Amino acid sequence: MIDFQNLTNLPEINFKSKERPELKELAEYIDHMKADLFNDKWSQATKKHIKTSLVLYIRSMQKQLAPIGYHYKAHDMEGKQHLEHVIPQNKIITAYLHDKISAELVLQMPLCFIDDTDKHILEGDWQQAGNWEYPFRRYKLAGYTKVIKDVRGNTIDLDTYTIQDHFRMLGVVDIS
């Protein structure tokens, strides 16, 4: 029997670090979670929770790994901001689970701050206007007119900016 009275003064376990997590190490952990998702020892109910945990973890790590919590930001924003996955997160996760993109790429997918009031413009537009090669095109096709700049201050051409341009901006040479 557990003596619950003895549980009151246990020291907290902490892992302190001021460093940013290593991309390769996080990708390996995500691959481990993905392997569990397809492991037959887990029930469908547990797999549903594993996938939810995987998606939440990826979302959290994407923000941490982005240069300043994001890669792009709309110019002249007012009020509440919304962190937008330029390529919708469900599309990113699906491509990863089908082994079309690596965990390293998943963790570095473009994030963009836009006005919270503008997020409705982009909802549901991926199927008609979305494009992996030109991820910002859906913004233009949806009628989004604000200037978007990368973390280096460069203006993004919504029509011609490619996913390769994004990874080049991050210093990733090979995205195969």
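Given +1 at the Cβ of Lys and Arg, -1 at the Cβ of Asp and Glu and no other charges, the dipole of the chain around its Cα centre is 120 debye to the nearest 20.
Over 29 Å between Cα atoms, which of Lys91/Lys146; Lys24/Lys140; Lys48/Lys140; Lys24/Lys48; Lys16/Lys48 qualify? From Lys91/Lys146; Lys24/Lys140; Lys48/Lys140; Lys24/Lys48; Lys16/Lys48, over 29 Å: Lys24/Lys140; Lys48/Lys140; Lys16/Lys48. The GluC sites (Glu not before Pro) found in the range 4-97 that occupy coil by DSSP, while having at most 15 further C-beta atoms within 10 Å, are Glu12, Glu19, Glu22, Glu78. Between Phe113, Phe38, Phe15, the Gaussian network model of the chain with springs among Cα atoms under 10 angstrom shows the greatest mean-square fluctuation at Phe15.
Can you tell which of Trp42, Gln89, Tyr70 lies farthest toward the positive end of the dipole of the range 1-96, using +1 and -1 charges on the Cβ of basic and acidic side chains (Lys, Arg; Asp, Glu)? Farthest along the dipole direction, towards plus: Gln89.
Here His98 and Lys41 are evaluated by their C-beta separation; at R0 = 25 Å the FRET efficiency comes out at 0.70. For the range 98-167, GluC sites (Glu not before Pro) meeting the loop criterion (DSSP other than H, G, I, E, B) and having at most 10 other Cβ atoms within 10 Å: Glu123, Glu133. Normalised per residue, the accessible area of the range 46-106 is 51 Å², obtained with a 1.4 Å probe and no contribution from ligands, DNA or RNA. Quotient of the Cα radius of gyration of the chain and 2.2 N^0.38 Å, N being its number of residues: 1.23. Of the trypsin sites (Lys or Arg not before Pro) found in the range 1-68, the ones in coil according to DSSP and having at most 16 other Cβ atoms within 10 Å of their Cβ are Lys16, Lys18, Lys41. Between Gln89 and Phe4, full extension at 0.36 nm per residue minus the direct alpha carbon distance yields a gain of 26.3 nm. For the chain, carbon and sulfur atoms together expose 51% of the accessible surface, with a 1.4 angstrom probe and every protein chain in place. Projecting the Cα atoms of Phe4, Ser17, Met33 onto the charge dipole of the range 1-52, computed from C-beta unit charges around the Cα centre, puts Met33 farthest toward the positive end. A Cβ-based charge dipole, computed about the Cα centre of the range 77-118 with Lys and Arg at +1 and Asp and Glu at -1, lands at about 240 debye. Ranking Tyr57, Ile121, Val151 by how far each Cα lies toward the positive end of the dipole of the range 27-176 (charges on Cβ) leaves Tyr57 at the top.
Relative to the current alpha-carbon distance between Asp159 and Tyr57, full extension at 0.36 nm per residue lengthens the span by 33.6 nm.
According to the square roots a ≥ b ≥ c of the eigenvalues of the Cα gyration tensor, what is the shape class of the range 5-84, taking rounded for a/c under 1.5, prolate for a/b larger than b/c otherwise, and oblate for the remainder? Cα axes put the range 5-84 in the oblate bin.
The values are calculated or read from the model by the stated rules, or taken from the named source; none is laboratory data. Everything numeric in this text was worked out from a predicted model, so none of it was measured. Methodologically, a virtual Cβ is constructed for each residue, glycine included, from the backbone with ideal geometry; neighbour enumeration extends over all protein chains shown. Areas reflect the complete protein model, heavy atoms only, side chains present, ligands, DNA and RNA absent. Shrake-Rupley method; radii C 1.70, N 1.55, O 1.52, S 1.80 Å.
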